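Peer 1: Pasting a structure below so you can have a look.
The values are calculated or read from the model by the stated rules, or taken from the named source; none is laboratory data. Quantities reported herein were computed from a predicted structural model and do not represent experimental measurements. All Cβ positions, even for glycine, are placed from backbone atoms using ideal geometry, and neighbour counts span all protein chains on display. Each accessible area value is taken on the protein alone, full model and side chains, heavy atoms only, with ligands, DNA and RNA left out. Shrake-Rupley method; radii C 1.70, N 1.55, O 1.52, S 1.80 Å.
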Amino acid sequence: MKAVIFDKPGLENLKVEDVPIPEVKEGEVLIKVMMAGVNPIDYFVVTGSRKAEPLPHIPGAEFAGVVESIGPNVTNVQRGNRVVVYPRLFDGTCDMCLVFKEMLCRNGGVIGVSCNGGFAEYVKVPSGNVFKVDEGMDWELAASMPVSALTAYHALNSASLSLNNYVVVVGASGNTGMFATQLARLVFGAKVIGVSRKKWVERFGAFMAVEKEQALEKVKEVTNGRMVDVVIDPLGAETFLNSLELLRPNGKLVTYGVLTGSNVELPISKIYNQQLSIVGTTGGTRRELADLLNQYKWLQVKTWKKFKLEEAKTAIESLSSPERDGRIFIDLTTQ
Ligand SMILES: [Zn+2]
C-alpha cells in the first residue's frame, strides 16, 4: 500500500512509499482510508515537537474510511461498514477509563502519534476505537468528527454551556472553531460571537463575526457591558489574556491549544475576585463521539483544499498558509 512516512523528524523527510498492508490481529480492524483531516497535531508529529512512535512513522490522527477486514473477536463492525476512528488509545482499565475519560487514560496515546496513523491507503486500529457512520454522511464531514468536532464538543460540554448563554469562539473559522460555533448554536442554543476575519462564520451559527482587535469593544456593546459566559480559545498565549477580559464574573475560559505560544503571566487577583474558571480540555470521550455521530445532520464542514496522498507534505505545510480558508484534507476516494 502507499503511505506517507518519515524515518526522522522534519517535513523534508516526509515521503510516500510502498509498505506492507498491516496484518490485523485479535480485536483489530483494518480500514481502507477514504479521507483524512489535516490538523496541527500532524505538523507537530512530523516536525518532531511530538515524539512519534514507531519510527519509521505514518502520521494522521483524523480519518474516516471503510472496514476492509476484521480480526478474531471483533463484533462491533463488519467488512464494508463506513466508519470513523476515535483517535485516543486507551487501556479501558485505569481509573480515568473507568469513569469514561478515555482521553486521559494513564496508559493512553494518540493514533498517528504513538502508533501509525491514517495518512495511508490502509490503517489498522483497535476495534473499540471504530464507530459506524451513516451511509449519508459525506467523507469530509466524517473525517472531521474524531478530532475537530469532538474537541469542540468536549470543550463546550466542559464549560457547561447552556441555553441563551453568550459564548465567544476565538478562531471561529479554524478546524475546531467552525464546529464550536455550530455546536454552541445548534446543540446548546447559545448566542455565539465568532472571532474571525471570515464572514462565513455567520452562516455557521455565529450571530456576529468580529476581528480580534474589535472583540472587546463589540462584546461590551452587544452584552450591555455584562460580558460573556464562556470563551472558547484554542489559540494560546497571543489571545489568552484578551479572552479573560471578555468574561463576565463567574465566567469560564476553555483552552485546548497553544498555536500562538504556551506561556502567559496570569492576573491571579482578577481570577479570584471575579471567580473566573480556566478549564483545560483535550480531545473528548468515546461517548461524546457517539453523541456527535447522532447529530451530524446539523453540521457542515468548510473545506479549503483537498490533496492527494502524494501531496501530503504540501497539505501539512498549508496549515499555516495565510490564504487558508477552511479545512485541509488528504483525499483517498479515488486511490
Ligand atoms: Zn485507561
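Peer 1: In percent, what relative contact order does region 148-280 have, based on Cα pairs under 8 Å that are 6 or more apart in sequence? Could you put the intermediate results ahead of the total?
Peer 2: Values: 274 pairs, mean separation 28.1, N = 133.
Relative contact order of region 148-280: 21 percent.
Peer 1: Keeping every protein chain present and rolling a 1.4 Å probe, give me the accessible area per residue for region 148-280 in Å².
Peer 2: Details: 5830 Å² over 133 residues.
Computed with neighbouring chains in place, this is 44 Å² per residue.
Peer 1: Let me ask something else about it. Which peptide among 218-227, 196-205 comes first, and what is the full order, when sorted by highest mean count of other Cβ atoms within 10 Å? Please report the intermediate quantities before stating the final value.
Peer 2: Details: 218-227: 14.3, 196-205: 19.0.
Top of the packing list down: 196-205, 218-227.
Peer 1: Oh, and also: What does the C-alpha gyration tensor say about the overall shape of region 84-172? Classify as rounded when a/c is under 1.5, otherwise prolate if a/b is larger than b/c, or oblate.
Peer 2: Verdict is oblate for region 84-172.
Peer 1: Now a separate question. Within region 72-229, what whole-number % of the accessible surface is contributed by carbon and sulfur, with the 1.4 Å probe and all protein chains included in the calculation? Walk me through the intermediate numbers first.
Peer 2: On the way: 3020 of 6390 Å².
Carbon-and-sulfur percentage of accessible area, whole number: 47.
Peer 1: With each run of n ≥ 4 DSSP H residues scored as -39500 (n - 2.57), what mean residue ellipticity at 222 nm is computed for the chain after dividing by its residue count and rounding to the nearest 500 deg cm²/dmol?
Peer 2: So the calculated ellipticity at 222 nm is -5500 deg cm²/dmol.
Peer 1: Which of the peptides 307-315, 176-184, 294-302, 250-258 is most tightly packed, and how do the rest follow, judged by the mean count of other Cβ atoms within 10 Å per residue? Walk me through the numbers on the way to the answer.
Peer 2: Values: 307-315: 18.3, 176-184: 28.8, 294-302: 15.4, 250-258: 20.1.
Packing proxy ranking, top to bottom: 176-184, 250-258, 307-315, 294-302.
Peer 1: If you average the sequence gap of Cα pairs under 8 Å that are 6 or more apart and divide by the length of region 1-144, what percent do you get for the contact order?
Peer 2: Details: 345 pairs, mean separation 44.8, N = 144.
Once normalised by length, the contact order is 31 percent.
Peer 1: Let me ask another. Provide the packing ranking of 35-41, 240-246, i.e. peptides ordered by the mean count of other C-beta atoms within 10 Å per residue, highest first.
Peer 2: Values: 35-41: 25.3, 240-246: 19.6.
Top of the packing list down: 35-41, 240-246.
Peer 1: Over region 270-335, with every protein chain in place, what whole percent of the accessible area is carbon and sulfur at 1.4 Å, could you tell me? Working shown, then result.
Peer 2: Values: 1500 of 3500 Å².
After summing per-atom areas, the C and S share lands at 43 percent.
Peer 1: In addition: Quick one: dipole size for the chain, taken about the Cα centre, charges +1 on Lys/Arg Cβ and -1 on Asp/Glu Cβ, in debye to the nearest 20.
Peer 2: Details: 37 positive and 37 negative charges, 152 e Å.
For the chain, the charge dipole is close to 720 debye.
Peer 1: Determine the relative contact order of the chain: mean sequence separation of Cα pairs under 8 Å and six or more apart, normalised by residue count, in whole percent. Please list the in-between numbers first.
Peer 2: Numbers: 789 pairs, mean separation 60.1, N = 335.
Reported as a whole number, the value is 18 percent.
Peer 1: Quick check on region 1-158: take the gyration tensor over C-alpha atoms, sort the square-rooted eigenvalues as a ≥ b ≥ c, and tell me if it's rounded (a/c under 1.5), prolate or oblate. Present the calculation step by step, with values, prior to reporting the outcome.
Peer 2: Details: a/c = 1.34, a/b = 1.12, b/c = 1.20.
Rounded, since a/c falls under 1.5.
Peer 1: Between GLU12 and LEU266, what is the label-to-label distance in nm when each label sits 7 Å out along the Cα-to-Cβ direction?
Peer 2: 4.0
Peer 1: Which whole-Hz couplings ³J(HN,Hα) result when phi for each residue of region 101-114 is put into the Karplus expression 6.51 cos²θ - 1.76 cosθ + 1.60, θ = phi - 60°, listed in order with x for Gly and Pro?
Peer 2: Those phi angles translate into 10, 4, 6, 9, 3, 4, 10, x, x, 10, 5, x, 10, 9 Hz.
Peer 1: Convex hull over the alpha-carbon atoms of the chain: what's its volume per residue in Å³? Walk me through the numbers on the way to the answer.
Peer 2: Numbers: hull volume 43.7 nm³, N = 335.
Here the figure is 130 Å³ per residue.
Peer 1: Could you pull the Rg and Dmax for region 148-280, using just the Cα atoms, both in Å?
Peer 2: 13.1, 38
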